[in-house]
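The values are calculated or read from the model by the stated rules, or taken from the named source; none is laboratory data. Quantities reported herein were computed from a predicted structural model and do not represent experimental measurements. Cβ coordinates were reconstructed from backbone atoms using ideal geometry, including for glycine residues, and neighbour counts include every protein chain displayed. Just the protein is used for accessible areas: all its heavy atoms, side chains included, with ligands, DNA and RNA removed. Shrake-Rupley method; radii C 1.70, N 1.55, O 1.52, S 1.80 Å.
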Amino acid sequence: MNANKFVKKYTMVLALLVVFVFFTYLTGGRLLLAQNISNLLLQNAYVLIMACGMLLCILTGGNVDLSIGSTLCLSAALSAKLLSMGISPFVAILASIAVACVIGVWQGWLIGYIHIPPFICTLAGMFLFRGIARVILDSKTVPIMDKKFLSLFTSYIQIPGLDVNQRVISSMVVGIIVAVIITAYTFIAERKKVKKGYETSGFGLTAARVCIFDLVILFYAYKLMSYKGIPIMLIWILIVVAIFAFITSSTVFGRYFYAVGGNEKATRLSGIDPRRVYFWAYFLMSLLAGLSGLLVVARIGSVDGNMGSSYEMDAIASCFIGGASAYGGSGTVQGIMIGAILLGVINQGMSILGLPDQYQYIVKGAVLLGAVVFDVVSNHKTGKS
């Protein structure tokens, strides 16, 4: 792999590294504090999760879901209201997820089978669902007081006997185990590709990539060990990311989204029903928005009618920054995770510096525009228009 191909393939990874080092320098190393490193993913949990669903929508042809911020708000509002009435937290969670599923079925049916343009359908949903959320809340702020509900999303994993004082050793143990599993899996997969005659990156590049990835995992585990340990919310994130990474990369169902975005007419002629693909894209997107609502309300501890405003833009930006094509048919879960973390580093770095919100919008807008321009220019170079 020559230098040009390497830079093009790992552009966002290099950009993330540069941005991280830049803000570490500007903040005098405060970005590297254990609490900040731990909060980096927790504060952006909703972005990491909803970006997985948004990727499916974008893959179908550059479409997006503008209603997910309102769906998140509605899910959070319903759970908070039920909990304030003394309802069991498990019932509240199921009810919130069920409402998100109903929204997904409704919008998936309208977009996939009635052929309502996704932009119009989800724009209407953005107003409709937020209005319903405000009706449920009666335009008030409702706090979350149920400890069982909060513990399901905001507690930390600690092992008695192993984790003592201020050193949560279990975090480092888990980090080492994960690093070993990833290393073994990567080289086994590489060996299988070589046996089957597939083109590979080469042992040297694969070893370097795995080494860097393992170092990042161990560094993160070390920081968690120095703070409170592994947060439950991180487990939720990893479960969702792992499921959607597997779906999009290793299943026939996942390849349907790429096929529809690449050439919908050819996909239809090959026997695949694009209507079902659109339906599942928006159904899964709403489901993840509902789950994100539970995570956000648990982390914040209360909900009001403005919760989730512009969250859809963060998910969309993460996808495009992470390499999803504005034309559809291209993008990976791994890429959008890098895009989401890049935005998170920018937000956290500017917050530590005490810069006003308007500068965050300027920087995020510039980064998003640059990513899309890069995608468009690359597509024109390969003959796609």
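Quick notes on this structure:
- Estimated FRET transfer efficiency (Ser351, Val135; beta-carbon r; R0 35 Å; 0.05): 0.60
- Of the options (1) 34, 24, 23; (2) 28, 26, 22; (3) 31, 30, 21, only one is semi-axes √(5λ) of the Cα gyration tensor in Å as computed from these coordinates, and that is (3).
- A crude spin-label estimate for the pair Tyr222 and Val178, with each label 7 Å from Cα along the Cβ direction, gives 1.6 nm.
- In terms of its C-alpha gyration tensor, the stretch 159-228 has a prolate overall shape, because the principal axis ratio a/c (a ≥ b ≥ c, square roots of the eigenvalues) is not below 1.5 and a/b outweighs b/c.
- Here each label is just a point 7 Å from Cα along the line to Cβ, and for Ile120 and Lys196 those points are 4.3 nm apart.
- For the pair Asp273 and Arg167 in one chain, pulling the backbone fully straight at 0.36 nm per residue adds 32.8 nm over the alpha carbon distance.
- Amide H contacts for Ile157 (H built 1.01 Å from N in the peptide plane; partners 5 or more residues away or on another chain; cut-off under 5 Å): Ile230, Ile232.
- Candidate residues Met126, Met225, Met85: accessible-area rank, largest first, probe 1.4 Å: Met85, Met126, Met225
- Built amide H within the under 5 Å cut-off of Ser302, gap 5+: Ile144
- Positive dipole terminus of the chain, leading residue within Gly344, Phe129, Pro356 (C-beta point charges): Gly344
- Measuring nothing but protein heavy atoms, the accessible surface of the chain at 1.4 Å probe radius is 69 percent carbon and sulfur.
- Most fluctuating residue given options Ala340, Ala179, Ala51, as computed from a GNM of the chain linking Cα atoms under 10 Å: Ala179
- Dipole magnitude of the stretch 159-228, debye to nearest 20 (Cβ charges: Lys/Arg +1, Asp/Glu -1, about Cα centre): 200
- Selection of chymotrypsin sites (Phe, Trp or Tyr not before Pro), the stretch 194-263, meeting DSSP coil and at most 10 other Cβ within 10 Å: Tyr198
- Residue (of Ala242, Ser309, Ser139) at the positive-pole extreme of the chain, dipole from beta-carbon charges: Ala242
- Ordering Ser318, Gln334, Gly204 by Cα displacement along the dipole of the chain toward the positive end leaves Gly204 in first place; charges were set at the Cβ atoms of Lys, Arg (+1) and Asp, Glu (-1).
- Listed pairs Lys81/Lys147; Lys192/Lys223; Lys9/Lys193; Lys147/Lys364; Lys140/Lys364; Lys265/Lys364 exceeding 27 Å between Cα atoms: Lys192/Lys223; Lys147/Lys364; Lys140/Lys364; Lys265/Lys364
- Accessible area (Å², 1.4 Å probe, nearest 10) - Ile181: 100
- For the chain, a crude dipole built from +1 on the beta carbon of Lys and Arg and -1 on the beta carbon of Asp and Glu, taken about the Cα centre, is about 760 debye to the nearest 20.
- Reported to the nearest whole Å, the Cα centre-to-centre distance from the stretch 254-281 to the stretch 66-145 is 27.
- Among Val367, Val216, Val102, residue whose mean-square fluctuation peaks in a GNM of the chain (springs only between Cα atoms under 10 Å): Val216
- Computed lengthening from Gln158 to Asn263, 0.36 nm per intervening residue step minus Cα-Cα distance: 32.9 nm
- Estimated [θ] at 222 nm from DSSP helical runs (n ≥ 4, -39500 (n - 2.57)) normalised by residues in the chain, nearest 500: -25000 deg cm²/dmol
- Calculated accessible area for the chain comes out at 49 Å² per residue, all protein chains present (probe 1.4 Å; ligands, DNA, RNA ignored).
- Taking Ser75, Ser249, Ser325 as the candidate residues, the one with maximal mean-square fluctuation in a Gaussian network model of the chain, Cα springs under 10 Å, is Ser249.
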